[in-house]
1. Test residue C:100 against the criterion of being farther than 25 Å from residue A:13 by Cα, out of contact with any helix residue (DSSP H, G or I) (no Cβ under 8 Å at 6 or more places or on another chain) and more than 9 Å from every other protein chain (Cβ to nearest Cβ), and give yes or no.
2. With surrounded by fewer than 20 Cβ atoms within 10 Å (Cβ to Cβ) and part of a loop (DSSP other than H, G, I, E, B) as the only criterion, which of A:2, A:37, A:8 stands out?
3. Restrict the check to the stretch D:23-38 and report whether at least one residue is closer than 20 Å to residue B:37 by Cα and within 11 Å of chain B (Cβ to nearest Cβ).
4. Mind listing just one residue for me: the one in the stretch D:1-22 that is in a loop (DSSP other than H, G, I, E, B) and within 14 Å of chain B (Cβ to nearest Cβ) and, of those, nearest to residue B:44 (Cα to Cα)?
5. Say we look at the stretch A:44-97 and pick out the residues that are loosely packed, with under 15 Cβ neighbours inside 10 Å, farther than 18 Å from residue B:9 by Cβ and touching a strand residue (DSSP E or B) at 6+ places or on another chain (Cβ under 8 Å); which of these is modelled with the highest pLDDT?
6. Picking from A:135, A:142, A:128, which residue would you name as being at pLDDT 70 or above and either within 17 Å of residue A:40 (Cα to Cα) or within 14 Å of chain C (Cβ to nearest Cβ) (or both)?
7. Does residue C:86 satisfy being in contact with a strand residue (DSSP E or B) (Cβ under 6 Å, 6 or more places away or on another chain), within 28 Å of residue A:121 (Cα to Cα) and modelled with pLDDT under 95?
8. Exactly one condition in (1) out of contact with any strand residue (DSSP E or B) (no Cβ under 6 Å at 6 or more places or on another chain); (2) exposed (fewer than 15 other Cβ atoms within 10 Å of the Cβ) is not met by residue D:102; state its number.
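The values are calculated or read from the model by the stated rules, or taken from the named source; none is laboratory data. These numbers were taken from a predicted model, which means no experiment stands behind them. Reconstructed Cβ throughout: ideal geometry from the backbone, glycine too, with neighbour counts over all protein chains shown.
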Amino acid sequence: MEAFDFIEMKVPAKEEYVGVVRLSISGIANRMGFTYEDIEDLKVAISEAVTNAVTHAYEANEEGEVTIGFGIYESRLEVMVADHGGSFNLSEVKNGIGPYENNESIENLREGGFGLFLMQALMDKVEIKNDSGVIVLMTKYIDEIGVGFDDDHVSTTK
Amino acid sequence: MEAFDFIEMKVPAKEEYVGVVRLSISGIANRMGFTYEDIEDLKVAISEAVTNAVTHAYEANEEGEVTIGFGIYESRLEVMVADHGGSFNLSEVKNGIGPYENNESIENLREGGFGLFLMQALMDKVEIKNDSGVIVLMTKYIDEIGVGFDDDHVSTTK
Amino acid sequence: MNLDINVTENSEKYLVHLSGEIDAYTSQKLKDTLLPLTKKKGYTLVVDLEQVNYMDSTGLGVFISVLKATKEAESSMTLINLKERVRKLFKITGLDQIININLDERGVND
Amino acid sequence: MNLDINVTENSEKYLVHLSGEIDAYTSQKLKDTLLPLTKKKGYTLVVDLEQVNYMDSTGLGVFISVLKATKEAESSMTLINLKERVRKLFKITGLDQIININLDERGVND
């Protein structure tokens with residue numbers, strides 16, 4: 001199996017915590033060696049997914065949690081956002097998911113206006129599953145150029 | 001029971017993720033209305049606890065996880081750092097914990113040099129439990145002055 | 001993560017300086033501040049985004065609402081000094097076609 | 001979250017500019033860079049911390065190690081341009097009593 005690190009966050013389904021998740025993703029993406037532009041894309045895409053989850057919980061009149069999982073691979077970042085608490089079963093989530101289709105079952109999500117559109121525009125791959133709660137799985141690849149996990153720089157001049 | 005929000009993070013017990021947790025705590029503390037100085041104190045204290053947990057896992061030759069729990073109260077932030085994976089049982093953790101005593105069982109933790117000292121100097125309260133893994137519970141109160149959860153500012157001049 | 005909003009009125013013009021991030025948390029306050037400023041016929045609402053270092057679809061939603069309100073009240077809205085990142089969002093969504101964005105305007109602080 | 005290290009040698013002096021954050025992840029690299037610079041007797045190792053916006057006990061640990069190494073090799077170490085936050089950590093741990101910290105030194109970039 002391909003090696004990866006996994007980071008999980010659970011935050012209350014409240015708007016005030018979207019920015020906290022955004023700071024976390026910017027740290028993770030920075031560590032992975034994403035470019036400035038890609039980090040900004042990731043911040044928007046993940047904020048959109050978390051905002052959707054928060055709105056969903058709000059409309060359902062729930063005091064829920066949003067769970068965000070970050071799968072950190074050498075070449076890519078996979079982000080999962082689920083609007084019902086509980087840990088991810090990665091393989092289950094990934095098997096059950098298909099590409100986004102414009103059908104009624106995600107009407108709710110589309111209320112976010114341009115949210116889903118931005119996710120798809122800014123990430124390399126977006127998959128959405130609407131079952132018990134909505135799960136969004138997004139992938140962004142690290143650009144080939146200038147990538148490196150070791151981002152310390154030592155320069156020496158004499 | 002006193003109302004609070006809870007945020008949980010799980011990161012691999014690796015040094016490269018200490019900075020990610022630090023960014024998250026700075027977001028949480030910013031949202032809560034902590035001052036710049038207090039936010040910087042929190043960043044150091046939480047980094048120390050996570051660094052200890054990472055060192056602990058490394059010495060035990062484990063590929064473990066560090067779990068960080070943030071209890072967000074109106075007047076204070078409680079941070080729990082545990083160096084074995086698994087979710088926190090809040091009441092269990094809080095009941096089983098006592099003040100830090102200088103005894104052999106935490107020799108491991110004190111190897112961090114000034115880490116524990118800084119935690120104690122920068123937080124209002126630090127409690128450590130060494131059972132199956134080490135759990136650090138830290139509290140910092142929000143200064144009375146200039147506090148507000150609603151940190152949007154609107155100013156109008158004509 | 002926060003958003004500061006500063007409003008100045010000057011000869012049939014409201015100048016709004018924004019500083020910070022526009023997201024789900026801060027956009028409600030922004031909308032509540034901007035909408036009342038669209039009500040005077042003939043007025044222009046100028047929103048300076050130079051200090052906005054983050055925006056997502058919730059910000060787009062606010063500006064769409066405000067645009068609609070200006071049409072109703074026969075006032076107008078112009079966005080100025082957009083950072084490249086913020087401009088990108090208006091561009092890829094096509095909203096730069098219906099929202100008046102002035103990239104060159106500078107020095108309107110007076 | 002990262003740390004950039006720039007080393008310049010100039011008449012029995014190594015000047016090291018640090019920029020970024022010193023934590024568990026970056027401190028190893030810092031230690032590996034600084035320790036070899038302590039080996040020449042009579043040399044001074046000047047570490048400029050002006051651009052260090054975060055440091056924790058891992059940084060203190062590095063400077064303690066480097067200080068010990070300078071004592072052995074009869075070289076010396078001075079820290080300059082510390083931000084208030086970084087200085088605070090040396091102060092509350094009492095390390096400012098054993099580590100040479102020059103708060104006034106400026107313009108040593110040449």
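1. Details: farther than 25 Å from residue A:13 by Cα: yes; out of contact with any helix residue (DSSP H, G or I) (no Cβ under 8 Å at 6 or more places or on another chain): yes; more than 9 Å from every other protein chain (Cβ to nearest Cβ): yes.
So residue C:100 passes the test.
2. Numbers: A:37 fails: part of a loop (DSSP other than H, G, I, E, B); A:8 fails: part of a loop (DSSP other than H, G, I, E, B).
Answer to the check: A:2.
3. We begin by selecting, within the stretch D:23-38, every residue closer than 20 Å to residue B:37 by Cα; these are D:23.
Within this subset, residues satisfying the condition of being within 11 Å of chain B (Cβ to nearest Cβ) are D:23.
Yes, because at least one residue in the stretch D:23-38 is closer than 20 Å to residue B:37 by Cα and within 11 Å of chain B (Cβ to nearest Cβ).
4. Taking the stretch D:1-22 first, the residues in a loop (DSSP other than H, G, I, E, B) are D:1-2, D:10-12.
The next check asks that each one be within 14 Å of chain B (Cβ to nearest Cβ); those that pass are D:1-2.
Values: D:1: 13, D:2: 16 Å.
Top of the filtered list is D:1.
5. In this case the residue turns out to be A:75.
6. On the way: A:135 fails: either within 17 Å of residue A:40 (Cα to Cα) or within 14 Å of chain C (Cβ to nearest Cβ) (or both); A:128 fails: either within 17 Å of residue A:40 (Cα to Cα) or within 14 Å of chain C (Cβ to nearest Cβ) (or both).
Being at pLDDT 70 or above and either within 17 Å of residue A:40 (Cα to Cα) or within 14 Å of chain C (Cβ to nearest Cβ) (or both) holds for just one of A:135, A:142, A:128, which is A:142.
7. Values: in contact with a strand residue (DSSP E or B) (Cβ under 6 Å, 6 or more places away or on another chain): yes; within 28 Å of residue A:121 (Cα to Cα): yes; modelled with pLDDT under 95: no.
Taking the combined requirement at face value, the residue does not satisfy it.
8. Here residue D:102 clears every test but (1).
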